[in-house]
1. Do you know which of the residues in region 62-119 that are aromatic (Phe, Trp, Tyr) and under 18 Å from the mean Cα position of the chain (by Cα) is farthest from ILE142 (Cα to Cα)?
2. So if I check each of ARG174, ARG206, ARG217, which one is more than 18 Å from SER86 (Cα to Cα) and in contact (Cβ under 8 Å) with a residue 40 or more places away in the chain?
3. Could you say whether any residue in region 141-159 is at pLDDT 95 or above, under 13 Å from ALA88 (Cα atoms) and exposed (fewer than 12 other Cβ atoms within 10 Å of the Cβ)?
4. Looking at this structure, is PHE76 in contact with a Leu (Cβ under 7 Å, 6 or more places away or on another chain) and assigned by TED's automatic domain parsing to the domain that holds GLN51?
5. Please give the strands (runs of 3 or more DSSP E) falling wholly within region 128-217 in which 3 or more residues are within 19 Å of the chain's Cα centre (by Cα) and of a type outside the set (Ser, Thr, Tyr).
6. For region 54-106, how many residues are in a loop (DSSP other than H, G, I, E, B) and either charged (D, E, K, R) or over 14 Å from SER29 (Cβ atoms) (or both)?
7. I'd like to verify a number: residues in region 37-53 that are in a loop (DSSP other than H, G, I, E, B) and surrounded by fewer than 20 Cβ atoms within 10 Å (Cβ to Cβ), how many?
8. Taking SER166 as meeting all but one of (1) touching a helix residue (DSSP H, G or I) at 6+ places or on another chain (Cβ under 8 Å); (2) in the same structural domain as ASN32 (by TED's automatic domain parsing), write down the number of the exception.
Amino acid sequence: MSLTPDFQPDVAAILAAATPASRIVFVCSPNNPTGNLADPEAIRRLASTFQGIVVVDEAYIDFSTHTGALELLPEFPNLIVMQTFSKAWGMAGIRLGMAFASKEIIHLFNKVKPPYNINQLTQEKALEALQRPEEKDRMVEILLREREKLETDFGKLPSVHRVYPSDANFLLVRVTDPHAMYTYLVEQGIIVRNRANVHLCEGSLRISIGTPKKTRR
């Protein structure tokens, strides 16, 4: 289901498209590749109206200054919130995610999951990271500062038509000639994502935020 022009879930359209066979609705918030947070009221409306499970993928939530959907869990037993160690924690290699849900849903997960749990090495690395949350917070603080700087600097370029607000670790930027700019950046050894052919993102590049050194480059 397509988002609205301002990159929000079209709740009315989603509910209208649902059939008795529809079981799950997925919402990505902050969304990829647009970078914006889904309106909490849209999630609330979906969870209270949809006759099934509503899953909110919050892989990028640590880069948002707003609270996520975890606070809605006590209100909606059909809600699942997913997060990950892959983004803000910088641990994509351990392939570890989390699902937060009601006791009833977690009970169902435990009934159908494989008998073996997360491997021991992954558990150890995750537990080590959780002992040092200040390191993750420091990295997020640096990234948010660089995101703000890039947003300001991109807005000054004549080839940039719009820099979309972002709650993620990237910016969606609409430019004059995305294909030419993408090719030029590749030639400079700078890899971005060409999203010019994605519906609602026409003419845009998705640019990840990096270290201050990479920002300057």
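The values are calculated or read from the model by the stated rules, or taken from the named source; none is laboratory data. From a predicted model like this one, the values you see are computed outputs, not experimental measurements. All Cβ positions, even for glycine, are placed from backbone atoms using ideal geometry, and neighbour counts span all protein chains on display.
1. If we take residues in region 62-119 being aromatic (Phe, Trp, Tyr) and under 18 Å from the mean Cα position of the chain (by Cα), then PHE100 is farthest from ILE142 (Cα to Cα).
2. ARG206
3. Checked against the condition, which is being at pLDDT 95 or above, under 13 Å from ALA88 (Cα atoms) and exposed (fewer than 12 other Cβ atoms within 10 Å of the Cβ), region 141-159 yields at least one hit.
4. no
5. Counting at least 3 such residues, we get 170-175, 204-208.
6. Of the residues in region 54-106, 18 are in a loop (DSSP other than H, G, I, E, B) and either charged (D, E, K, R) or over 14 Å from SER29 (Cβ atoms) (or both).
7. Matching residues across region 37-53 total 4.
8. Tallying (1) touching a helix residue (DSSP H, G or I) at 6+ places or on another chain (Cβ under 8 Å); (2) in the same structural domain as ASN32 (by TED's automatic domain parsing), SER166 fails exactly one: (2).
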